[in-house]
Amino acid sequence: MTIVYLTVGFPGSGKSTWSKAKAKQDNVVIINLDSIREMLKADYVSESKIESVVKKIAKDALHHCMDKGFNIIIDQTNLSAKTRAEWVGLVQAEDSSAKIVAVCFTEMDSKILLDRRMTNPRGYKRSKWAMIISNMKNYYTPVGSNEGFNETIMVDAQGNETGSSKKSSAAAAPAKSWGFVG
Ligand SMILES: Nc1ncnc2c1ncn2[C@@H]1O[C@H](COP(=O)(O)OP(=O)(O)OP(=O)(O)O)[C@@H](O)[C@H]1O
Ligand SMILES: [Mg+2]
């Protein structure tokens, strides 16, 4: 059965680190939208004309990787329910029996996120990253039990998986323990 993992976390929360470790497993591939941005512009940029292409490439990649039977990690922030719903819909359209897993990275205060992000600032100043993270807090919604995920995995600040809940479980609400602390 195909498994698609959707990372959910703020910049610097460890999504790509977790993804790279996971992709060492056979048959697991990563679709990282930042990597596509870097491919297109040789740098980390986010502008609307590029963004529309980035999403198309990512969706095509999902299609081709699912077609080949890979398990796939969609590595991006995925902080809004709307963005997550889009991916869940795409996966279900490709394969209604695919298992879709939300991988939720634990809350960390913004100083830690910024410290971590600044180890590779991608050409941005710390103040710019602070603004980006602050803006993301406005549209972040925790993963809810009605979003179509078959399982939710929690990852702590050290990158360890601390628990998971299946859809059928009554405890399928990481949302309660996963709010952003700014
Ligand atoms: N468990 C950890 N302990 C200490 N440092 C970590 C841990 N996980 C990641 N880092 C460091 O934090 C920085 C950011 O990690 P990573 O790139 O995985 O974040 P991200 O969630 O993918 O961020 P972004 O959304 O900006 O891509 C990296 O320098 C990484 O080495
Ligand atoms: Mg990343």
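Computed from the coordinates by the stated procedures, all read-outs in this text should not be read as laboratory data. Just so you know, these numbers come straight off a predicted model, no measurement behind them. Using ideal geometry, Cβ is built from the backbone for each residue, glycine included, and neighbour counts are taken over all protein chains shown.
Of the residues I30, I132, I72, the one that moves most in a GNM of the chain with alpha-carbon contacts below 10 Å is I132. The simple spin-label model puts a point 7 Å past each Cα toward its Cβ; for I132 and D60 those points are separated by 2.5 nm.
Relative contact order, whole percent, for the chain stands at 29, derived from Cα pairs under 8 Å and 6 or more residues apart. With a cut-off of 10 Å between beta carbons, the residues surrounding R122 carry a summed charge of 0, where Lys and Arg count +1 and Asp and Glu -1. Remark: spin-label model distance E86-K167 equals 2.2 nm, labels positioned 7 Å along the Cα→Cβ axis. Structure remark: mean-square fluctuation, Gaussian network model of the chain, C-alpha springs under 10 Å; the largest value among K111, K49, K99 belongs to K49. In the structure shown, the pairs K24/K59; K20/K137; K99/K167; K41/K137; K22/K68; K82/K128 are assessed against 20 Å; a Cα-Cα span above that value is assigned to K24/K59; K20/K137; K41/K137; K82/K128.
Rounded to the nearest angstrom and listed largest first, the equivalent-ellipsoid semi-axes of region 9-134 from its Cα gyration tensor are 25, 17, 14. The GluC sites (Glu not before Pro) of region 1-95 meeting both criteria, a DSSP state outside H, G, I, E and B (loop) and at most 15 other C-beta atoms within 10 angstrom of the site's C-beta, are E47.
Taking the Cα centre of region 3-177 as origin and assigning +1 to Lys and Arg Cβ atoms and -1 to Asp and Glu Cβ atoms, the resulting dipole is close to 460 debye.
Just subtract the alpha-carbon distance of E51 and Q158 from 0.36 nm times their residue separation and send over the number in nm, one decimal. Walk me through the numbers before you get to the answer.
Details: separation 107, 0.36 × 107 = 38.52 nm, distance 3.10 nm.
Additional length available on full extension: 35.4 nm.
Between M118 and M1, residue separation times 0.36 nm minus the direct Cα-Cα distance comes to 38.3 nm. Distance in nm between label sites at S145 and D109, each 7 Å beyond Cα in the beta-carbon direction? Taking the simple label geometry, S145 and D109 are separated by 3.2 nm. Pick from V88, V101, V53: which residue has the top mean-square fluctuation in a GNM of the chain where Cα pairs under 10 Å get a spring? Sorting by GNM fluctuation, first place goes to V53. The helix-based estimate of mean residue ellipticity at 222 nm for the chain, built from -39,500 (n - 2.57) per DSSP H run of four or more residues and divided by its residue count, is -12500 deg cm²/dmol to the nearest 500. Considering only I72, A21, V101, the residue lying farthest towards the positive end of the dipole of region 3-177 is A21, judged by Cα position with unit charges set on Cβ.
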